[in-house]
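Some notes on the structure that comes next.
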Ligand SMILES: [Zn+2]
């Protein structure tokens, strides 16, 4: 997770990438999408099966796993078994699954689920773009760098994202969401060496006594990475945190937009102050299921 701050900012900024047909509805609900950007982390320890949705430990699968792991869920299950996949994280497959769920919610016009799944999808996509979410060594615990997770994804954005340039243009359609999210995971994983190595380098350069400082939050004093250390590390990363954050924002917008296109471009403005009753939604879900079954033959190659 990007920490509360990062996740909220990513969902919020993603709204502004959307086309005119979507932005009304999403802007109207921007508070919800922002506040609920961290829901998946909140239920992480309470809901069984939630935890592996946030990461993938690529290194446990051996050399070049990032490039060699099966891209599609069914192929991966066949090769490794579902238990193994769940043990080491499933974020790229889970993003694709939520993508299909959101598309269905849009087809049906299910406002509550459109919002819930949009917020969730934003969260998982953002997680997939964090280098430390692609490794077993997710908090530097295997290399004597414990704490680096929070440093990279919470401390740095909190200190420096004011200066990031969030102008990233318009959301675009993704032809193959499953491959697109894998590309993001690969890209994040390729940055992992730098994330770890620069932390060591700056620690050596600055000296361990300047690495941490104490800050008062309310009436507790907490040990944090010092401002100087954070600044030097942030500089050494050469804009990586900003790039990954912007990539996340753009990708969240792209996925929301892709769901909407795949759902047949439903009129979202209509849903700004209108909701189907639960009974109507049941009926619409039933119709969708029947429609899918009828179309099953032509859709066999899709992976939902
Ligand atoms: Zn998360």
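The values are calculated or read from the model by the stated rules, or taken from the named source; none is laboratory data. Since the model is a prediction, treat every value here as computed from it, not as a measurement. Virtual Cβ from ideal backbone geometry, glycine too; neighbours counted across all protein chains shown.
Just one residue in the set 271, 237 is touching a helix residue (DSSP H, G or I) at 6+ places or on another chain (Cβ under 8 Å), buried (at least 18 other Cβ atoms within 10 Å of the Cβ) and over 30 Å from residue 164 (Cβ atoms); that residue is 271.
Taking helices (runs of 4 or more DSSP H) as the structural unit, those lying wholly within the stretch 227-304 and holding at least 3 residues that are at pLDDT 95 or above correspond to 227-236, 240-262. All conditions but one from (1) in a loop (DSSP other than H, G, I, E, B); (2) more than 13 Å from the ligand (Cβ to nearest atom) apply to residue 56; the one that does not is (2).
Each row is one residue, and each column tells you yes or no for (1) more than 24 Å from residue 186 (Cβ to Cβ); (2) within 16 Å of the ligand (Cβ to nearest atom).
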| residue | (1), (2) |
| --- | --- |
| 113 | yes, no |
| 116 | yes, yes |
| 126 | no, yes |
| 137 | no, no |
| 146 | yes, no |
| 149 | no, yes |
| 157 | no, yes |
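Of the listed requirements (1) within 15 Å of the chain's Cα centre (by Cα); (2) buried (at least 24 other Cβ atoms within 10 Å of the Cβ), residue 114 misses just one: (1). Scanning the stretch 119-175 for residues that are free of Cβ contacts under 8 Å to residues at least 60 places away in the same chain and either touching a strand residue (DSSP E or B) at 6+ places or on another chain (Cβ under 7 Å) or not in a helix (DSSP H, G or I) (or both) returns 139, 140, 141, 142, 143, 144, 145, 146, 167, 175.
Being in a helix (DSSP H, G or I), surrounded by fewer than 19 Cβ atoms within 10 Å (Cβ to Cβ) and within 16 Å of the ligand (Cβ to nearest atom): is that true of residue 39 here? Judged against the criteria, residue 39 is a match.
Could you go through the stretch 80-103 and let me know if any residue there is out of contact with any helix residue (DSSP H, G or I) (no Cβ under 8 Å at 6 or more places or on another chain) and under 30 Å from residue 269 (Cα atoms). Within the stretch 80-103, one or more residues are out of contact with any helix residue (DSSP H, G or I) (no Cβ under 8 Å at 6 or more places or on another chain) and under 30 Å from residue 269 (Cα atoms). Scanning the stretch 15-36 for residues that are in a helix (DSSP H, G or I) and more than 16 Å from the ligand (Cβ to nearest atom) yields a total of 13.
Go through the residues of the stretch 89-111 one by one and say whether even a single one is exposed (fewer than 15 other Cβ atoms within 10 Å of the Cβ) and touching a residue at least 24 places away in the same chain (Cβ under 8 Å). No - not one qualifying residue is present in the stretch 89-111.
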